[in-house]
Amino acid sequence: MPPKRILIFTGGSIKKESIHEIKEGDFVIGADKGALFLVDNGVQPDLSVGDFDSVTKDELERIKRSSHEMITCDPIDKNLTDTELAFDMALDQQPEEVVMIGAVGSRLDHSLANIQMMLRGLQHKVLSSILDEHNYISLTGSSLKVQDRGFTYVSLLPLTPEVTGITLKGFMYPLQDATIQMGQSLGISNRLTGSEGSIQIESGLLLVIQSKD
């Protein structure tokens with residue numbers, strides 16, 4: 001039976017508290033330095049994957065000893081980032097959900113690539129998201145339930161030139177059949193009015209970013 005949820009810990013900004021996101025039954029993947037983070041915090045990865053060019057030889061040995069399974073690749077010949085390798089392996093298991101932790105950080109190129117990667121989750125009908133201490137990022141091409149996760153704001157940003165037919169329920173600033181074009185700020189800094197809100201769109205791809213300062 002495939003796992004319902006897969007967590008990918010990767011090499012961006014990760015706080016120790018993110019370990020508490022791991023729940024019973026989760027399948028945990030460490031991508032490159034994300035595997036070292038897990039091992040350092042007493043978590044045994046179900047799978048560690050990457051070229052491991054960001055860890056020392058001693059750290060690599062610790063990862064090998066502590067992982068249920070390990071897959072390494074050549075840092076020169078590979079065409080994918082470590083996070084993308086892990087994401088593809090997660091999708092191959094056909095889970096219901098994939099959560100990437102440490103997928104955003106100081107490298108804007110990697111952060112944007114990881115955000116865009118969620119499109120492949122939609123194509124495989126797998127809910128995918130990115131989580132850190134300040135943001136919870138998800139993507140929809142149809143409808144989405146937004147749960148109160150303790151973040152202050154909910155912002156909507158098009159990932160396509162425009163998103164049409166946007167209808168919001170359970171938000172401080174509701175919308176009905178609205179259109180947001182790329183570059184517009186209409187969807188920034190909304191708020192939930194209760195424990196859950198709903199988003200419905202007719203066309204396009206919409207990033208939903210729950211955030212706090």
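The values are calculated or read from the model by the stated rules, or taken from the named source; none is laboratory data. Keep in mind the model is a prediction, meaning the values are calculated, not measured. In this analysis, Cβ positions are derived from the backbone assuming ideal geometry, glycine residues included, and neighbour counts consider all displayed protein chains.
Here are the numbers for the structure shown:
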item: Residue match in the stretch 27-48 (condition: assigned by TED's automatic domain parsing to the domain that holds M118, over 26 Å from R107 (Cα atoms), in contact with a His (Cβ under 7 Å, 6 or more places away or on another chain) and of a type outside the set (G, A, S)); result: yes
item: Failed criterion for G204 (all others in (1) on the phi < 0 side of the Ramachandran plot; (2) surrounded by 20 or more Cβ atoms within 10 Å (Cβ to Cβ) hold); result: (1)
item: Qualifying residue in the stretch 80-87 (condition: in a loop (DSSP other than H, G, I, E, B) and either in contact with a Leu (Cβ under 9 Å, 6 or more places away or on another chain) or within 24 Å of I22 (Cα to Cα) (or both)); result: yes
item: Qualifying position, being assigned to a helix (DSSP H, G or I) and either surrounded by fewer than 15 Cβ atoms within 10 Å (Cβ to Cβ) or free of Cβ contacts under 8 Å to residues at least 24 places away in the same chain (or both), among L91, L112; result: L112
item: The stretch 122-147, residues that are under 17 Å from the mean Cα position of the chain (by Cα) and part of a loop (DSSP other than H, G, I, E, B); result: H124, K125, V126, D132, E133, H134, G141
item: Selection within the stretch 177-213 - closer than 17 Å to T140 by Cα, part of a loop (DSSP other than H, G, I, E, B) and either without any contact (Cβ under 8 Å) to a residue 12 or more places away in the chain or among the hydrophobic types (A, V, I, L, M, F, W, C) (or both); result: M182, I188, I201, L205
item: Residues that are out of contact with any helix residue (DSSP H, G or I) (no Cβ under 9 Å at 6 or more places or on another chain) and closer than 13 Å to V28 by Cβ, drawn from the stretch 40-85; result: D46, H68, E69
